[in-house]
Amino acid sequence: MFFKRRWFKILTTLLGLFAFVGYFAFSTFLFPPHEDDWEFDVSALVPRDVDFFVAKAALKEDFGEFPRLAAANRIQRTEAWMELDTSPAYGAWLESNGIEQMLAQLREGLAQIPLGYSPLDVFGGSDLALAGRFKGQSIEQADWAIYGRLNWMGKAALGALNYPGLIGLDGSGLVVTEEEGILHLAGGQLSQDLYVARILDVGVLGSEASLVRAAVELERASGENSLYLSADYGDRIETVRSRSAKGNEVEILLDLRALLDNLGHKGTLPDTSSERFLTAFMGRVFQIPACRKVMGVIGFDDGVNVDLHGTFSSEEITTAQRRIYGRDAGFGHEKVMEKVAIVAPEDAVLFAYLEGPIATLLEEVLASVDPAMKSNLADAFRSTGRFPDLDAVRNHLAVSLHNRLALVVRENDYAKESKLDPATGRMEYAGPPNDGQSVFAVALITWYSDEGKLIELRELIGQSPAYFGLEGRNGDTGYYQHKVGNYDTREFWSRFVPGTGVIATMNTHDQFIISNVHEMLRDIYKTTTIGGREYPRLSSRPEFIELMSDTVPSANMLVWMNPQSARKTLESQAEAWAREHAATGIDWGRKRAEEENKLIPQLFPGRGRGQLTRDQRDKLNVAVDPILKEYRTDFIKQRIPDLVREKQRQIAYGMSCTSFLAMIQLSPRAFSFSMRTVIPLPE
């Protein structure tokens with residue numbers, strides 16, 4: 001018994017000694033196991049002057065078995081993913097970028113992590129951030145640093161870098177040096193030098209020493225002068241994030257001005273000279289190069305939710321934009337629910353509302369219109385003898401309308417106008433002649449202050465059918481009058497109006513409504529004035545109410561979309577779109593030259609292309625034209641099915657979103673953008 005007690009005491013003493021020596025060695029060479037964690041957010045280690053910053057909390061919760069997302073199974077059961085997964089473009093992208101090989105290498109690397117840990121267990125699973133400064137002419141040249149929370153294994157791994165010889169790094173050619181608590185890694189398989197520091201439980205890895213050194217200095221100053229303690233971060237990120245249920249949105253900061261300067265971007269963005277009206281108009285209303293820093297959060301709970309705030313460079317804002325962004329412009333939630341969204345039917349595919357100086361907006365609209373169309377329109381008004389140019393027309397309208405506009409788009413499910421043909425006994429189409437395109441029903445709603453001027457303009461167009469391309473049946477002028485309730489409506493028939501062949505207008509007691517479907521005027525009027533079950537309004541739609549309540553409190557512009565309501569029309573437009581684009585992508589000049597080179601030796605032996613006379617050139621054209629025409633026909637016929645399928649895929653992607661709401665608040669100095677979407681995933 002005595003010997004047993006003696007051996008027990010010796011063993012206990014040795015174990016205690018080993019534990020003490022081990023603890024001392026571990027604390028000295030790796031890290032103190034008892035040390036505290038960094039008490040602030042990782043952004044408290046990021047300097048305020050960075051050009052970009054992205055951070056995410058609770059990142060580990062977003063993944064199942066890394067790198068597979070936790071929601072991957074649900075995402076893969078959506079129609080959008082199944083369409084993407086089977087698309088040739090996606091398969092080609094996977095192959096050209098070697099994605100499968102990269103994933104295989106990643107799986108091999110993950111298998112080497114001890115104890116079954118994933119990278120997010122070791123580094124950044126609870127907090128991960130990326131920050132840096134732009135440099136050079138490409139994003140790849142930027143200086144960057146990654147900040148992440150570490151577990152004990154991550155701390156030990158960084159501690160072991162101080163002893164490269166003990167862990168076998170010397171043999172790989174990697175050189176590790178230390179200066180003021182920062183490790184410099186160079187050589188080996190590294191494509192660039194790296195700098196590493198550990199601040200309690202936060203590891204910092206950077207491509208440039210100053211960012212890593214700044215983190216060490218900010219730790220000593222308890223985060224003073226850090227991004228985290230800046231007023232902008234508190235107002236634009238911390239406050240917004242705290243309102244959400246989980247508080248784990250992606251945090252974003254981006255200096256757009258610095259990015260564009262470093263990329264060498266010159267010119268406008270969006271392009272104000274674009275041939276596309278919407279692109280040119282948006283470029284005149286809002287310019288990305290005028291923005292400075294943008295800050296905010298992006299969440300992914302049941303969809304994509306965005307809250308961003310940015311500032312403008314005053315010298316980059318145009319005079320027109322300054323007027324549009326006027327200090328007094330804007331509307332709140334109460335006005336939207338009680339006065340604005342009541343004009344739109346509940347089943348609207350798109351509803352947009354804008355408040356701003358109508359004269360300036362009309363000026364920007366005219367500046368964005370295709371020059372040929374603008375010239376034709378100017379000629380038409382000039383021919384009436386009433387207006388010398390389009391500026392005069394714009395001024396006439398501007399003094400007639402209030403500074404707000406609404407746009408409503410819905411499925412064109414209205415019955416076509418028809419009447420009984422006595423000769424056949426059948427109901428025949430009796431509406432305006434048109435090109436038969438499948439189009440949406442669209443209505444533009446304005447609020448007027450001078451009805452007389454609107455009536456004057458309406459009558460001027462209606463009484464000048466030849467100038468404005470109006471055309472009725474059986475030689476009629478194409479200008480007709482109807483009644484909706486107690487209000488007169490007017491129809492302008494023209495083959496130039498896609499799909500419907502008509503523009504219809506109506507003046508209510510305070511609204512001026514324009515639509516490409518006459519029956520839609522009645523819908524808008526009844527929805528606005530009656531509502532209820534018979535004419536349900538967008539303002540009573542539960543999804544609209546829910547998303548609206550979670551956006552910025554006031555705005556200049558509102559956009560609502562219900563993509564799934566647009567599916568029928570979009571799919572019917574797919575083939576027309578395919579036919580329009582089927583012949584693009586061919587260099588017809590080169591193709592003609594190829595065919596000519598084949599025929600010249602047969603038709604004109606011994607002659608070269610530059611030696612042909614005018615008569616010979618004419619004969620060559622006569623021979624080549626049918627060949628090119630046949631080639632074009634066959635090419636289009638073969639390409640249309642693929643283009644239709646591609647358009648159907650794009651439609652399927654859009655259908656993944658069931659509701660979309662965006663609110664934009666603009667002022668001469670800053671803007672706020674709030675977007676809410678609902679993207680349900682299968683259970």
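Where a number appears in this text, it was derived from the coordinates with a stated rule and is not lab data. Everything numeric in this text was worked out from a predicted model, so none of it was measured. Note: ideal-geometry Cβ built from the backbone for every residue, glycine included; neighbour counts use all protein chains shown.
Please work out, to two decimal places, the log10 of the ratio I(q)/I(0) at q = 0.05, 0.06, 0.09, 0.12 Å⁻¹ from a Debye calculation in which every Cα of the chain carries one identical scatterer. Listed by q, the Debye log ratios stand at -0.39, -0.54, -1.02, -1.42. Taking amide H atoms as placed 1.01 Å from N in the peptide plane, the amide H of V294 lies under 5 Å from those of L254, D255, L256, each 5 or more residues away in sequence or on another chain.
Could you order the peptides 355-365, 202-212 from most to least packed, using the average number of other C-beta atoms within 10 Å per residue? Before the final figure, lay out the partial values.
On the way: 355-365: 19.5, 202-212: 21.5.
Result, highest mean first: 202-212, 355-365.
Considering helices alone, the calculated mean residue ellipticity of the chain at 222 nm is -11500 deg cm²/dmol, with DSSP H runs of length four and up weighted by -39500 (n - 2.57) and normalised per residue. Over segment 326-544, the fraction of Cα-Cα pairs per 5 Å bin, rounded to whole percents and listed from the shortest bin up, is 1, 6, 12, 17, 20, 18, 13, 8, 4, 2, 1, 0, 0. In whole percents, the pair-distance distribution calculated for segment 248-314 from its alpha-carbon pairs, binned every 10 Å from zero, is 20, 37, 34, 9, 0. Close amide H contacts of R404 (hydrogens built in the peptide plane, cut-off under 5 Å, sequence separation of 5 or more or a different chain): G356, W447. Just the Cα atoms of segment 278-348, one point each, no solvent: what log10 I(q)/I(0) does Debye give at q = 0.20 Å⁻¹? Listed by q, the Debye log ratios stand at -1.13. The HN-Hα couplings worked out from phi for segment 223-231 by the Karplus form 6.51 cos²θ - 1.76 cosθ + 1.60 (θ = phi - 60°) are x, 4, 6, 8, 4, 4, 8, 7, 5 Hz, whole numbers, x standing for Gly and Pro.
Kindly state, as a whole number, the per residue volume in cubic angstrom of the convex hull around the alpha carbon atoms of segment 196-321. Write out the running numbers ahead of the final one.
Working: hull volume 21.7 nm³, N = 126.
Per-residue hull volume (Cα only) is 172 Å³.
Here the scattering of segment 539-683 is modelled by Debye summation over its C-alpha atoms, one equal scatterer each and no solvent; at q = 0.16 Å⁻¹ the log10 of I(q)/I(0) is -0.94.
According to the square roots a ≥ b ≥ c of the eigenvalues of the Cα gyration tensor, what is the shape class of segment 455-614, taking rounded for a/c under 1.5, prolate for a/b larger than b/c otherwise, and oblate for the remainder? Cα axes put segment 455-614 in the oblate bin.
Please express the shape of segment 64-112 as an equivalent ellipsoid: the semi-axes are the square roots of 5 times the eigenvalues of the C-alpha gyration tensor, given largest first in whole angstrom. Walk me through the numbers before you get to the answer.
Values: eigenvalues 96, 61, 4 Å².
Its equivalent ellipsoid spans semi-axes of 22, 17, 5 Å.
Extension gain for F496-T477 works out to 5.4 nm (0.36 nm per residue, less the C-alpha to C-alpha distance). Stretching Y117 away from D37 to a fully extended chain increases their span by 26.7 nm, per 0.36 nm per residue minus the current alpha-carbon distance. Calculated FRET efficiency, E534 to E411, Cβ-Cβ distance, R0 = 22 Å: about 0.75 to the nearest 0.05.
Rounded to whole numbers, the Karplus 3J(HN,Hα) couplings from phi for segment 528-533 are 5, 8, 10, x, x, 5 Hz, using 6.51 cos²θ - 1.76 cosθ + 1.60 with θ = phi - 60°, and x at Gly and Pro.
Kindly provide the Kirkwood hydrodynamic radius of segment 573-655 in Å, to one decimal, from all pairs of distinct alpha carbon atoms.
Numbers: mean 1/r = 0.0666 Å⁻¹.
Evaluated over segment 573-655, this radius sits at 15.0 Å.
Out of the chymotrypsin sites (Phe, Trp or Tyr not before Pro) in segment 237-309, which ones are loop residues according to DSSP with at most 10 other C-beta atoms within 10 Å? Please list the in-between numbers first.
Details: sites: F277, F281, F286, F300; in loops: F286, F300.
Passing sites in segment 237-309 do not exist.
Note that segment 319-448 carries a Kirkwood radius of 18.2 Å, evaluated over its alpha carbons pair by pair. Peptides 368-375, 303-310 ranked from most to least packed give 303-310, 368-375, packing being the mean of other C-beta atoms within 10 angstrom over each peptide's residues. Taking 0.36 nm per residue of separation and subtracting the Cα-Cα distance, full extension of the segment from Y429 to T177 would add 82.2 nm.
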